[in-house]
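Working notes, structure below.
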């Protein structure tokens, strides 16, 4: 990860700076589609404008890709992945993580996972969905009063009400989490609530988190799941940046270099916005510097995937040696804009997944017709009763498994090497 930070700094050195004589506050119209994106854009632009003598006006309205192409917007900031439009002269970047995480008191031990229907029943006031007792939420739950806590922060509540409940009114008669959410929620045996996801990510063991069903599995919030849009009550914060000659690209480059720098990440942190993993910032920065147009984090199907799966509490790690000679793994999660490891099964024994996996994804421009060297590393035992575990590697193209490899790693033989040949 240190190499990634060095690369970020090198790219920043290559990005142009803005001469004071060329600055024009009409050159970068910003469109923001939600309150969380408003806040982060305002904070970024305040500091950039102060240092460069520029003034910005952020317009609050739904953004579209076509607005980037027809000169209506230079940047669209949003927690909503945009739909395809009539052009691809834009770069998709991720500048933050925002949203909410569900927590409950220890007395809510009957619920290990909550789905969208149950979220609506607990947190909304939509007719008969406003459940007063837990057995009204789910007939298998006990006959206890439902006590709901919400945060004082208006932006966090606004996010939950508009992005999670979606078009149904929020519950009335809720209690405030105040400055000590853990103590307040714990004071009621059957209490449930939600907090800002950045508070949860900062100290996940502090809270009794409730996993959320994302349609495929029940998950607690992690940076990687949120960036991959796999945790339903939080979102990546996207900036879509126009590359058309309508706007001063020198000024835009300077702004994006500032936002994606360590200084920009510090601004997000100071304003209670969780910053993405460093490799995601690196991908955003390198995509912009190399002007990779079109969707990258959303809507893009990988050319192929290499999926490692196993059972048990062991911490295994997937490593992939690319044809270029670069190796991707836990020490280097992203390559030069086209490779990414997702899902970190049983990371450092910090969690025990039911069916842990790690997935290597290759973007559509990845080289084929060559070999990828795949290694499975046995990293930690994690108090498992046996010192070895079986693994399976699946090579997936167009949603189909084209090759399956099975093997065993152990404390004694802790690395297994396989060769994957792409057609």
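What to note about this one:
- Beta bridges by DSSP in the chain, antiparallel share as percent, to the nearest 5: 85 percent
- 17 Å reach of a label modelled at residue 84, 7 Å along Cα-to-Cβ, counting backbone N of region 260-300: 293-300
- Annotation: extensible slack from residue 218 through residue 143 equals 24.6 nm (criterion: 0.36 nm per residue apart, minus Cα-Cα distance).
- Legend: ranking of residues 223, 358, 290 from fewest to most surrounding C-beta atoms inside 10 Å; resulting order 290, 223, 358.
- Distance between the modelled labels on residue 166 and residue 419, one decimal in nanometres: 4.7 nm (7 Å Cα→Cβ projection).
- Counted residue by residue at 0.36 nm each, then reduced by the alpha carbon distance between them, the extension gain from residue 55 to residue 269 reaches 74.7 nm.
- Mean residue ellipticity (222 nm) of the chain, computed from DSSP H runs ≥ 4 via -39,500 (n - 2.57), nearest 500: -6500 deg cm²/dmol
- Each peptide among 233-239, 396-402, 33-39, 146-152 gets the average number of other Cβ atoms lying within 10 Å of its residues, and from highest to lowest they stand as 233-239, 33-39, 146-152, 396-402.
- Ranked for footprinting exposure by Cβ neighbours inside 10 Å, fewest first, 395, 197 give 395, 197.
- Relative exposure of 243, 308, judged by other C-beta atoms within 10 Å (fewest first): 243, 308
- Stretchable slack from residue 183 to residue 326, in nm (0.36 nm times residue separation minus alpha-carbon distance): 46.7 nm
- Label point 7 Å beyond Cα of residue 133 along Cβ direction - residues of region 147-167 with amide nitrogen under 16 Å: 147
- Largest-first principal axis extents, alpha carbons of region 99-220, Å: 34, 32, 30
- Just checking the listed ones, 85, 99, 173: in the Gaussian network model of the chain with Cα springs under 10 Å, the one fluctuating most is 173.
- Residue 205-residue 250 FRET efficiency (beta carbon distance; Förster radius 41 Å; 0.05 resolution): 0.35
Bear in mind these aren't lab numbers, they're just calculated from the coordinates by the rules spelled out. In this text the structure is predicted, and so the values were computed from the model without any measurement. Counting neighbours? That spans all protein chains shown, and the Cβs are built from the backbone with ideal geometry, glycine included.
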